[in-house]
Amino acid sequence: MKRAIKIITILIGILSVLILTALFYYLSVTKNEKLDRDKLTLNTRCIRLYDGIGAEMQSANKQSAAPYSSFPQALPNAFVAVEDKNFYRHNGFDYKRIVKAAMKNVASFSFSQGASTISQQLIKNTHLTGEKTINRKLKEFKLTRILEKRYSKEEIMELYLNSIYFGHSAFGIRDAARYYFGKTVEDLAPADCAMLAALVKSPNRYSPFKEAEKCLARRNLVLSLMQKQGYLTDAEYTEAINTPLPATPVETAEDDYVTRVYEELTELFPDIGSDNAADLRVYTFCDRNLQSELNKLQAESDFSVLVRDNVSHGIKAIRATAGALKRLPASAIKPLLVYAPAFEENIVSPLTPILDQKTDFGGYSPDDYGGATNGYVSVRQAIAKSINIPAVKILNELGAERGAAYLKKMNLDIPEEDYSLALALGGMKEGFTLPALADGYATFANQGNFAPSRTIARIEDGRGKTLYRFMPAPQRVFSEDVSCIMNDVLQTTVQSGTAKKLKTLPFPVCAKTGTGGTDAGNTDAYTISYTKNDVVAVWMGNRDNTPITATGGGLPANMALRVWKSLYTDSKPDPFPVCDDVVTLDYDLEEYETNQKILIADPLAPVYTRGTEIFRKSNLPLAKSEKFTLPNIETPKVSVKNQTVYFELCQTKYYDYVIKRENRGKTTTIYNGKYQKTICDNSVRAGESYRYTVIPIYNGTEGRAVVLPLVRIPKTNALPDEWWD
């Protein structure tokens, strides 16, 4: 018995020491913690944004607090139902929930379960950091006890709803009501209140504009909890659950750059909430002067325009009157899907001739804008003029699957059910955002290396600790020589093609336009242009797909021109680099235009008989023209009329010609001189036979002699005028 008493005494002593130690530790950790009314009411802890030179842009604590008296009763009820059903009965801590959560965490060997009350969340949001440590929990415990003693439940609810981060840059209930519903707090319906309560768990994961199905499911969960807890009647529940979610955010005065920053922030931190969004410093790539210029742009339709830095991969400025829409890319997809991959696979070169003739591809028969020319065009011309049929023909040879594989490397994914030749003209179900297309074009400016763009350069917490730093890791998509060729070809689009409105710029610019639509009219118009340093991309259309008057080479190109002038007011971009694996060759212009053959020009050829084009070293033309080193002609046409022999020479007017005649063992030169289309021999005799030889000569060098068929001169009135063997 004495032994048991001794053991119990020792245990009580140890327990007392532990309790005292814990008490002293608690007191030492929390001794300087005080409830700050200003922090509760002014929401001074927030997200701060900084521009590309480190100057503060704006903070999120813009809206004044909404008083509790303005809350519809469904608003606090929704948050109590899903966040803290015992809110009105506890003194700041729900001990049953704490024990239950602790048991689940022990069972799962994790800390996934939480049991914070609304009072505790308010303290975390306004007074503490987001770290998960014992010290923070002790501070939270002390401040929550003080909060509950000093404030009523209604006051705590008011402070809480005015301090929550609802996602998409909406801080506080007044911001959220305006952004999601375009309403004042007083006008929020039960379905609205339930959706806002659903967002708090993770504003990004449950955003109605990003994850509508998840948002709807969680909103309906909140409504069912409200019904079970007696906050909604059956009729109110039925009405609320049949209320649709908001489809698009309400237009705000906030500029589009800030909107995209917050979208990226929630992508980087999907579970960001009020407790871990407080006191974040977000450093961006924003060029505020350029952003100001973009904010001044106006158009009769919706439009998007952005400027992307090709070195840092940061977005300098962005304007999007209809948000981050995915739209069909029209012909703007051709260089990314068709031409660059075809260059990479050595299927074509810029000089490859393509017959621009309407063709049926198993029931798909595309046409050009204005109709097919029915003639041959080079790949360079097809790109510059945005001709449709050649693009489809090349994709037919390349294969839609292979083309789509290149797009995927640039984060431009296309579902397999969209694989068809219509992809060459931007025919797909969903399409891409303008920033995604701009990233694809930046690949050409970066020697074939792809990296996605961002508005956020780095994120720090309130203590200056770096939580995130944008460190792009470019991935190879196209060879350097292919990118060099694309840069050169897309400059032709500016000089003589569909983007020639940019021709006045005093520096080299690459560009591609695109226009898409239906029988009712154009719905999408693009001009995507770039230099070595930057991409300027413009889209015009309407959110509801109603027709517009713009074409890619028209209003979007004018807008791009204005942006380029603002971007390079006092400077010029770096020149595009030269690639050793790209060579410039002269080719035989006559053979190309007449016979669609690519022959390397004869070294002796005159300048006016040559064309010039660039080629990959791995895809050089092999055949060479020898028409000047070894003059060569097609067999001339010969006819006899009125006792005269006529020779019609081929179109080789740069040759001299010698024509010799053989008759009865005697050879006579009947012509020695410059090219003439028709040469005649009227010194023949009726009833005689003649053999003619035509010899082309260039600079004194005789070429291959062409022996003509035997010509017989008919006897007078004996035979028709024309006859020969």
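Of the residues 173, 164, which is under 15 Å from residue 122 (Cα atoms), modelled with pLDDT of 90 or more and under 37 Å from the mean Cα position of the chain (by Cα)?
173
In segment 524-545, which residues are in contact with a strand residue (DSSP E or B) (Cβ under 8 Å, 6 or more places away or on another chain) and not in a strand (DSSP E or B)?
If the condition is that a residue be in contact with a strand residue (DSSP E or B) (Cβ under 8 Å, 6 or more places away or on another chain) and not in a strand (DSSP E or B), then 531, 533, 542, 543, 545 are the ones that fit.
So, residue 243, is that one outside any helix (DSSP H, G or I) and open to solvent by 40 Å² or more (accessible area, probe 1.4 Å) or not?
Yes: the conditions hold for residue 243.
Just need a number here: residues in segment 469-500 that are in a helix (DSSP H, G or I) and not aliphatic (A, V, I, L, M).
Total satisfying the criteria: 12.
Of all residues in segment 343-368, which are assigned to a strand (DSSP E or B) and open to solvent by 60 Å² or more (accessible area, probe 1.4 Å)? Give the steps one after another, and end with the answer.
Taking segment 343-368 first, the residues assigned to a strand (DSSP E or B) are 353-355, 361, 364.
Within segment 343-368, just 364 meets the criteria.
Among the residues of segment 510-539, which ones are hydrophobic (A, V, I, L, M, F, W, C) and either buried (at least 24 other Cβ atoms within 10 Å of the Cβ) or in contact (Cβ under 8 Å) with a residue 60 or more places away in the chain (or both)?
Answer for segment 510-539, where residues must be hydrophobic (A, V, I, L, M, F, W, C) and either buried (at least 24 other Cβ atoms within 10 Å of the Cβ) or in contact (Cβ under 8 Å) with a residue 60 or more places away in the chain (or both): 510, 511, 525, 528, 535, 536, 537, 538, 539.
From 626, 613, which residue is open to solvent by 60 Å² or more (accessible area, probe 1.4 Å) and under 60 Å from the mean Cα position of the chain (by Cα)?
Within the list 626, 613, the selection yields 626.
Considering only residues that are open to solvent by 70 Å² or more (accessible area, probe 1.4 Å) and in a loop (DSSP other than H, G, I, E, B), look in segment 671-682 and name the one that is nearest to residue 700 (Cα to Cα).
The extreme case among them is 676.
Among the candidates 386, 312, 304, which residue alone is open to solvent by 10 Å² or more (accessible area, probe 1.4 Å), among the small types (Gly, Ala, Ser) and not in a loop (DSSP other than H, G, I, E, B)? Step through it out loud before you land on a result.
Numbers: 386 fails: not in a loop (DSSP other than H, G, I, E, B); 312 fails: not in a loop (DSSP other than H, G, I, E, B).
The conditions single out 304.
Test of understanding: among 679, 633, 670, 695, which residue is more than 26 Å from residue 595 (Cα to Cα) and hydrophobic (A, V, I, L, M, F, W, C)?
670
What pairs come up if the first residue lies in segment 480-497 and is closer than 20 Å to residue 410 by Cα and of a type in the set (A, V, I, L, M, F, W, C), the second is in a helix (DSSP H, G or I) and open to solvent by 10 Å² or more (accessible area, probe 1.4 Å), and their beta carbons are under 6 Å apart, counting only those six or more places apart or on different chains?
Final answer for the pair search is 482/344.
With the structure loaded, tell me whether residue 209 is at pLDDT below 90 and surrounded by fewer than 24 Cβ atoms within 10 Å (Cβ to Cβ) or whether it fails that test.
yes
Does residue 219 count as basic (Lys, Arg), without any contact (Cβ under 8 Å) to a residue 60 or more places away in the chain and crowded, with 22+ Cβ neighbours inside 10 Å?
So residue 219 fits the description; yes.
Let me confirm something: among 262, 283, 257, which residue is at pLDDT below 90 and either in contact with a strand residue (DSSP E or B) (Cβ under 9 Å, 6 or more places away or on another chain) or open to solvent by less than 10 Å² (accessible area, probe 1.4 Å) (or both)?
Result of the check over 262, 283, 257: 262.
In the list 441, 406, 419, 468, which residue meets the criterion of being open to solvent by less than 10 Å² (accessible area, probe 1.4 Å), touching a residue at least 12 places away in the same chain (Cβ under 8 Å) and aromatic (Phe, Trp, Tyr)?
On the way: 406 fails: open to solvent by less than 10 Å² (accessible area, probe 1.4 Å); 419 fails: open to solvent by less than 10 Å² (accessible area, probe 1.4 Å); 468 fails: open to solvent by less than 10 Å² (accessible area, probe 1.4 Å).
One residue alone meets the criteria, 441.
Got a sec? Which of 289, 295, 346 is among the polar types (S, T, N, Q) and at positive phi?
Result of the check over 289, 295, 346: 346.
Name the single residue, out of those in segment 76-101 being over 25 Å from residue 219 (Cα atoms) and open to solvent by less than 30 Å² (accessible area, probe 1.4 Å), that is modelled with the highest pLDDT.
So, considering only residues that are over 25 Å from residue 219 (Cα atoms) and open to solvent by less than 30 Å² (accessible area, probe 1.4 Å), the one modelled with the highest pLDDT is 90.
Would you confirm whether any residue within segment 639-652 is over 29 Å from residue 595 (Cα atoms), touching a residue at least 24 places away in the same chain (Cβ under 8 Å) and open to solvent by 90 Å² or more (accessible area, probe 1.4 Å)?
Scanning segment 639-652 turns up at least one residue that is over 29 Å from residue 595 (Cα atoms), touching a residue at least 24 places away in the same chain (Cβ under 8 Å) and open to solvent by 90 Å² or more (accessible area, probe 1.4 Å).
Kindly evaluate residue 667 against the criterion of being in a strand (DSSP E or B) and modelled with pLDDT of 90 or more.
So residue 667 passes the test.
Quick one: is residue 436 more than 23 Å from residue 618 (Cβ to Cβ) and open to solvent by 20 Å² or more (accessible area, probe 1.4 Å)?
yes
(1) out of contact with any Leu (no Cβ under 8 Å at 6 or more places or on another chain); (2) of a type in the set (S, T, N, Q); (3) farther than 30 Å from residue 504 by Cα: which one isn't true of residue 629, the others all being true?
The number of the failed condition is (1).
Of all residues in segment 369-381, which are over 25 Å from the mean Cα position of the chain (by Cα) and open to solvent by less than 80 Å² (accessible area, probe 1.4 Å)?
Once the filter is applied, which keeps residues that are over 25 Å from the mean Cα position of the chain (by Cα) and open to solvent by less than 80 Å² (accessible area, probe 1.4 Å), segment 369-381 yields 371, 372, 375, 377, 378.
The values are calculated or read from the model by the stated rules, or taken from the named source; none is laboratory data. Being a predicted model, the structure only gives us computed values, none of them experimental. Here the Cβ is made from the backbone with ideal geometry for all residues, glycine too, and neighbour counts use every protein chain on show. Ligands, DNA and RNA are stripped out before the accessible areas are found, and what is left, the full protein with its side chains, is counted by its heavy atoms. Shrake-Rupley method; radii C 1.70, N 1.55, O 1.52, S 1.80 Å.
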